[in-house]
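Peer 1: One structure, pasted below without further comment.
FYI, it's all coordinate maths here, none of it is from the lab. The structure displayed is predicted, hence computed values, not measured ones. Here the Cβ is made from the backbone with ideal geometry for all residues, glycine too, and neighbour counts use every protein chain on show.
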Amino acid sequence: MTETIEFQAEARQLLQLMIHSIYSDKDVFLRELISNASDALDKLRMESYRDKDLGVDTSDLHVELRTDAAARTLTITDNGIGMSRDDVVNLIGTIARSGTAETLSKLREAQASGSEEATAELIGQFGIGFYSSFMVADRVEMTTRRAGTDGGVHWESAGEGTYELSEVADAPQGTSITVYLKAEDAEDNLHDYADPSVVRRIVKRYSDFITWPILLNPSGATDTVVEGAEEDSEPDTSNEPINSRKALWARPRSEVSDEEYAEFYRHVSHDWQEPLETMRFTGEGTFEYQALLFLPAHAPMDLYYRDAKRGVQLYVKRVFVMEDCEALVPEYLRFVKGVVDAQDLSLNVSREILQQDRQIQLIRKRLVKRVLQTITGLRGEDAEKYGTFWRECGRALKEGLLSDQDNTQAILEASSFASTHDPEKLTTLADYVARMPEGQESIYYVTGESRTAVENSPHIEAFRAKGYEVLLLTDQVDEVWVGMVPSYGTGDTAKPFASIAQGDVDLSDDAEKPEGFDDLLAWMTTTLADDVSEVRLSTRLTTSPACLVGEVGGLPPQLEQMMRSMGQEIPVQKRALELNPKHPLVENLRAAHAAKPDDAGIADTASLLHDMALLAEGGELKEPSAFVGKLAQRLAATL
């Protein structure tokens, strides 16, 4: 019985984008299908280790490529884990990824603009290489059977709105995909993918490193030779793999080209771009390992999704063990992709065991150290690369300041920050400290929702006038880590972080305070008792009349608001209201209060002053209508 099933709406849209793709290098479809086949073989071997009753033969795992010039087909077959009916529906008929609709919208915009680079980048973010086959196919058929089950499934679609499913009683274990090829078209970069020489060239370029044998038209295959083709386009009829199967991480650096590294990165990351940076590490001594890791050129689409998979591939003596080994990479380095090949682990190892394994913990420690060193080194060696990395992944890296106390200083060294020193360039903390004038003991910072907001904050006025540089921290994670990291540097040279919006600071030229404000301050403290902890004079203001200042170590207002929006019950934190004694509004308020202390209008002005300070820092008024009413009355009284 054959069922006709509709694609999920997003999957249908993606298929159409693939069919009409402007992406010129259509050869990559074969890379994607071979990569999927390789993953299926890896998964079968691991499943056979874990389930001794699976009853599968893993002695001859391989990928077969069969060309048929007469029928214009290319078939990719593996004897790996295979899929059940539910697997097919969920993995092929549905794109079960958050943000799909948004990414599809961006993808359509990229295609409309004719930007091949943007299109390729966005297509790669889906991580669903199977759909790329529709760039070259009029129709695709797939037969698959999951290892350990009896019944198989046949899937077929022309890439339109539906696909057909039927049961296959005698399907072999694994997956076989037959691509019914479109006509060759030089202008559209559609090559003759039924030509064995074309297939061999693509495998050599994109999939030479795959550890499983890739066989092209193995013995017993029936192939029709392309009429007029060159001699080496005749089909291979041997059982010799056409890929070298050499693990790139085990080969000397001098023997591996940058293009080979780039293709391997695409294989492990499902990204269609080249990596930003390639890192090779080797550990020797009491425990040995080899690592080949990559930094991405753009943030993965799921970088900030809570349920996103992360980690690197784990091998043991060249044998694949785990796809996403989280134990080797902390969450804040989740953008790192690659392979770690350990020499002394058990093949039958679980994620739970890995979390406690001493060798894995030591490898993780060394990997983190080397990755952070690489990121820091990029800044001096290639500022453009570093700038790309920081723009794409810097916010995730700073999450490590919340969770990795052992590497706090290394993360700070690898980080960059906006500051008042240069509106165009980011600064390092080392450069900030080098510029600190004599007498400045702390690294000053201000947090907020945007650079524009914090640069215009009243809190920054006197610091700017004094020539004190201030870090401008606008990522949500900044609100948290500055309260957990006491200082930058170690020992006697450590410099503490200090918020310019917290604590009672004295930036005056002398210790003498303006006189005659005591009565006003006491009265305002009582009048505004529901909203502020105290009212005091300020030395941090030069042009604004007032600002709100929190206690040292208190929650910043943005963080307080964020936590409340997440449903947490946070006690109301009153802050101090600081007044600029040199501002005309404050001076006139003092004079008016001295003359008419019981005037209700003066109390309204004091309330307006508090609300103005709240608005100036980007806060929200408790009663906007009351503020507008008081403001209207005071304006009317002046006319």
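Peer 1: Among E32, E323, which comes first, second and so on when ranked by fewest other beta-carbon atoms within 10 Å?
Peer 2: Values: E32 25, E323 15.
By the 10 Å Cβ count, ascending, the order reads E323, E32.
Peer 1: Treat each spin label as a single point 7 Å out from the Cα along the C-beta direction, and report the S625 to D258 distance in nm.
Peer 2: Placing both labels 7 Å beyond Cα along the Cβ direction yields 6.5 nm.
Peer 1: Determine, from the Cβ-Cβ distance of E240 and E167 and an R0 of 41 Å, the FRET efficiency 1/(1 + (r/R0)^6), rounded to the nearest 0.05. Kindly include the intermediate steps, with their values, before the conclusion.
Peer 2: On the way: r = 36 Å, r/R0 = 0.87.
Given R0 = 41 Å and the Cβ-Cβ separation, E is 0.70.
Peer 1: What is the extension gain from K204 to M436, computed as 0.36 nm multiplied by their sequence separation minus the C-alpha to C-alpha distance, in nm to one decimal?
Peer 2: Details: separation 232, 0.36 × 232 = 83.52 nm, distance 5.59 nm.
In short, 77.9 nm is gained.
Peer 1: Shifting gears a bit: So for the stretch 353-486, if I pair up every lysine 8 or more residues apart or on another chain, how many of those pairs have alpha-carbons under 24 Å apart?
Peer 2: Numbers: K365/K398; K369/K385; K369/K398; K385/K398; K385/K425; K398/K425; K425/K466.
Lysine pairs satisfying the spacing and distance rule in the stretch 353-486 number 7.
Peer 1: Just going by the charge dipole of the chain, with Lys and Arg at +1 and Asp and Glu at -1 on Cβ, which of H154, A247, S487 is farthest out on the positive end?
Peer 2: Ranked along the dipole, the leading option is S487.
Peer 1: A follow-up question, please. Give the calculated FRET efficiency between R391 and K317 to the nearest 0.05, with a Förster radius of 45 Å applied to their Cβ-Cβ distance. Spell out each step's value before the answer.
Peer 2: Details: r = 39 Å, r/R0 = 0.86.
After rounding, the FRET efficiency stands at 0.70.
Peer 1: Averaging sequence separations of C-alpha pairs under 8 Å and six or more residues apart, then dividing by the length of the chain, give the relative contact order as a whole percent.
Peer 2: Values: 1101 pairs, mean separation 56.1, N = 639.
Reported relative contact order: 9 percent.
Peer 1: Can I ask one more? Report the one residue of I570, P556, P584 whose Cα lies farthest in the direction of the positive end of the charge dipole of the stretch 546-586 (charges on C-beta: Lys and Arg +1, Asp and Glu -1; origin at the Cα centre).
Peer 2: Going by the charge dipole, the pick is P584.
Peer 1: Set the Förster distance to 41 Å, then compute FRET efficiency between R451 and T149 from the Cβ-Cβ distance, nearest 0.05.
Peer 2: Details: r = 57 Å, r/R0 = 1.39.
After rounding, the FRET efficiency stands at 0.10.
Peer 1: What is the fewest-to-most order of S59, S544 by other Cβ atoms lying within 10 Å of their Cβ? Mind showing how you got there, number by number?
Peer 2: Details: S59 5, S544 22.
Listing S59, S544 from fewest to most nearby Cβ atoms yields S59, S544.
Peer 1: Further, regarding this structure: Hey, of [x] 107, 58, 48; [y] 85, 53, 52; [z] 82, 66, 49, which did the structure itself give for Cα extents along the principal axes in Å when calculated?
Peer 2: Entry [x].
Peer 1: Quick one: angle between helix 28-50 and the longest Cα principal axis of the chain, in degrees between 0 and 90, rounded to 10, please.
Peer 2: On a 0 to 90 degree scale, this one is about 90.
Peer 1: Could you state the angle between the C-alpha long axis of helix 196-206 and the longest principal axis of the C-alpha atoms of the chain, as a value from 0 to 90 degrees rounded to the nearest 10?
Peer 2: Approximately 30 degrees, to the nearest 10.
Peer 1: If you don't mind, another one. Please state the relative contact order of the stretch 253-390 as a whole percent: Cα pairs under 8 Å, 6+ residues apart?
Peer 2: On the way: 199 pairs, mean separation 30.3, N = 138.
Relative contact order, the stretch 253-390: 22 percent.
Peer 1: Using only helices, what value at 222 nm comes out for the chain when you add -39,500 (n - 2.57) per DSSP H run of length 4 or more and divide by the total residues, to the nearest 500 deg cm²/dmol?
Peer 2: Working: 21 runs with 234 residues, N = 639.
That calculation yields -11000 deg cm²/dmol at 222 nm.
Peer 1: Rounded to the nearest 10 degrees, what's the angle between the helix 518-527 long axis and the longest principal axis of the chain, both from Cα atoms, 0 to 90?
Peer 2: Here the helix axis deviates by roughly 50 degrees.
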